[in-house]
Amino acid sequence: MKNTETPSQRGLKNRHVQLIAIAGTIGTGLFLGAGKSISLTGPSILLVYLIIGALMFILLRTIGEMLYIDPEQHSFLNFVSRYLGDKTGYFISWTYWLVVIFTAMAELTAIGSYIHFWLPQFPIWLSEIFVLALLTALNTLNAKFFGETEFWFGMIKIVAIVGMILTALILMLTNFQSGGVSVGFQNITDGFKFFPNGVSKFFESFQMVMFAFVAMEFIGMTAAETEEPRKTLKLAINQIPLRIILFYIGALVAIMCIYRWQDIPADQSPFVMIFQLIGIKWAATLVNFVVLTSAASALNSALFSTTRNLYALSKINGDKILIPFTKMSRSGIPIKALLFTSGLIFFTPFISMIPGISNGFVFITSVATNLFLVVYIISLITYLKFRKSSDFDPHGFVTPWAKVLVPITILAFALIFVSLFFFSDTIIPAIGSLIWIFAFGIIAKFRPSKNT
């Protein structure tokens, strides 16, 4: 039958996806959480970032390989239903959609607090509604406008990181001293220990670093919106290791070269300290602007991602209640899916009014991280099934050493998930994620198959 629907337009250019891929490796966790991460385990935090970065790269290569075979898919999760069955696909797809919704709500809460920094008299809930309405409006236009918005959001984050790395290099070349200590690599190497605060703190840092990397798989969905999805996908994914080394490892090395890691406070952004050190008195304002755009970028990406996921889920599951979300606007946007998604995120300001919202924020983001791990593990299992299917193309965008690296990655993600039950800050969210897995897993299991 001929498809009479308005197709989703491929409105993103290569420059959009390439910069979105770069910025996607830079999260608010780096700007705000670098001090806490470094305080846990010192310079060995670099090893943790390298390990998680390598695991995420393997995950992205497997996702990229499947999308390369079928670039018409707007979500990599569609492959779960294809290779693991409808029930598993139903469970993981809706889990992923809800997780990103929760992540978006957390980012919107953060945006409200960042704006409050400048406008303490302005109601937080009103600023949250304004930002959500603005980003929703931009997302109703077409994929090109999303790309432009995300392009400039990402550019701000990249300039901040590069500026800090260049600052460290200049201070080292001029033999600058900070607190009576010379800026240089000796601040990292002198008295180096892998576990300066104990083995438990080293493993506790994995959860924090994992949170900084989640949602990096979003690059797969942006590639589906480009004019040349296969070419763009390969470029974006293959360059991720270099970007991790430059922007994450580079930033952390720069921070620890300027300050002895023992002197970096856990509750303060090192970016503020560094910009103040070079004479920028309004460093707090500068960093607040950067983290605001970073959170806005994450919210913008979440809107784009959850809208496409809801559209894809509605087409796949075929439930009558979901039919409205399959409709496209003239500009190729699943408009009803976008408005419904925004409507759910709209409840964020009301959550912000609940006493103890800071704890709620931590809980939501922690649960999201836990469930992201579940999604990643099932996605990797899906890939192993894909490798055994007739769809596998040994001449395509093949994941290197997949038979060894993919099982190792599955085991590593599983161990990180299990480790969450052994730390006070993560045990309650870990239990909450188990409740969701059990409860929604039962719903998915006993849901009638769409083929029956």
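The values are calculated or read from the model by the stated rules, or taken from the named source; none is laboratory data. These figures come from a predicted structure and were not determined experimentally. Glycine also receives a Cβ, built like all others from the backbone with ideal geometry; neighbour counts cover every protein chain displayed.
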Legend entry - Which numbered condition Ser314 misses (of (1) surrounded by fewer than 22 Cβ atoms within 10 Å (Cβ to Cβ); (2) at pLDDT below 80; (3) small (Gly, Ala, Ser)): (2)
Legend entry - Members of segment 161-184 that are modelled with pLDDT under 80 and assigned to a helix (DSSP H, G or I): none
Inset, instruction - Restricting attention to segment 411-441, report how many residues are hydrophobic (A, V, I, L, M, F, W, C) and either under 17 Å from Leu98 (Cα atoms) or modelled with pLDDT under 90 (or both). - result: 15
Inset, instruction - State all residues of segment 177-191 that are touching a helix residue (DSSP H, G or I) at 6+ places or on another chain (Cβ under 8 Å) and surrounded by 11 or more Cβ atoms within 10 Å (Cβ to Cβ); if no residue qualifies, say none. - result: Ser178, Val181, Val183, Gly184, Phe185, Asn187, Ile188
Legend entry - Unmet criterion (only one of (1) surrounded by 17 or more Cβ atoms within 10 Å (Cβ to Cβ); (2) polar (S, T, N, Q); (3) without any contact (Cβ under 8 Å) to a residue 12 or more places away in the chain) for Thr103: (3)
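Suppose we keep only residues that are β-branched (Val, Ile, Thr) and surrounded by fewer than 21 Cβ atoms within 10 Å (Cβ to Cβ) within segment 265-289. Which one would you say is farthest from Phe192 (Cα to Cα)?
Keep residues of segment 265-289 that are β-branched (Val, Ile, Thr), which gives 272, 274, 278, 280, 285, 287.
Checking the rest, the ones that are also surrounded by fewer than 21 Cβ atoms within 10 Å (Cβ to Cβ) come to 272, 278, 280, 285.
On the way: Val272: 25, Ile278: 27, Ile280: 31, Thr285: 34 Å.
Ranking the candidates gives Thr285 first.
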Inset, instruction - Only residues that are under 21 Å from Ser379 (Cβ atoms) and surrounded by 15 or more Cβ atoms within 10 Å (Cβ to Cβ): list them for segment 412-428, please. - result: Ala412, Phe413, Ile416, Phe417, Ser419, Leu420
Legend entry - Lone unmet requirement of (1) touching a Gly at 6+ places or on another chain (Cβ under 9 Å); (2) of a type in the set (A, V, I, L, M); (3) surrounded by fewer than 16 Cβ atoms within 10 Å (Cβ to Cβ) for Met172: (3)
Inset, instruction - Within segment 55-86, track down each residue that is of a type in the set (D, E, K, R) and in a helix (DSSP H, G or I). - result: Arg61, Glu65, Arg82, Asp86
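Of the residues Phe130, Phe146, Phe91, Phe76, which single one is buried (at least 22 other Cβ atoms within 10 Å of the Cβ) and at pLDDT 90 or above?
The match here is Phe91.
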Inset, instruction - Please work out which one of (1) within 22 Å of the chain's Cα centre (by Cα); (2) farther than 28 Å from Val100 by Cα; (3) not acidic (Asp, Glu) is the condition Ala296 fails and give its number. - result: (2)
Inset, instruction - Determine whether segment 237-251 contains at least one residue that is small (Gly, Ala, Ser), part of a helix (DSSP H, G or I), modelled with pLDDT of 80 or more and surrounded by 15 or more Cβ atoms within 10 Å (Cβ to Cβ). - result: yes
Inset, instruction - Determine whether segment 155-171 contains at least one residue that is in contact with a Leu (Cβ under 9 Å, 6 or more places away or on another chain), free of Cβ contacts under 8 Å to residues at least 12 places away in the same chain and not basic (Lys, Arg). - result: yes
Inset, instruction - Mind listing whichever residues of segment 334-373 are modelled with pLDDT of 80 or more and either among the acidic types (Asp, Glu) or assigned to a loop (DSSP other than H, G, I, E, B) (or both)? - result: Pro334, Phe346, Phe347
Legend entry - Pairs with Cβ under 7 Å, 6+ apart, first in segment 248-264 and farther than 14 Å from Ser39 by Cα, second assigned to a loop (DSSP other than H, G, I, E, B) and of a type outside the set (Ser, Thr, Tyr): Cys257/Val183; Cys257/Gly184; Cys257/Phe185; Ile258/Val183
Inset, instruction - Would you please list the contacts, defined by Cβ atoms under 6 Å and residues six or more apart or on different chains, that run from a residue in segment 174-193 that is without any contact (Cβ under 8 Å) to a residue 60 or more places away in the chain to a residue that is surrounded by 11 or more Cβ atoms within 10 Å (Cβ to Cβ)? - result: Phe176/Val183
Inset, instruction - Could you give me the residue pairs with C-beta distances under 6 Å whose first residue belongs to segment 371-382 and is under 16 Å from Val398 (Cα atoms), whose second residue is surrounded by fewer than 21 Cβ atoms within 10 Å (Cβ to Cβ) and of a type outside the set (Asp, Glu) wherever it lies, and which are 6+ apart or on separate chains? - result: Leu380/Val406; Thr382/Tyr83; Thr382/Leu84
Inset, instruction - Starting from segment 41-66, take each residue that is over 22 Å from Phe397 (Cα atoms) and list its partners that are modelled with pLDDT of 95 or more and β-branched (Val, Ile, Thr), counting only C-beta distances under 9 angstrom and pairs at least six apart or across chains. - result: none
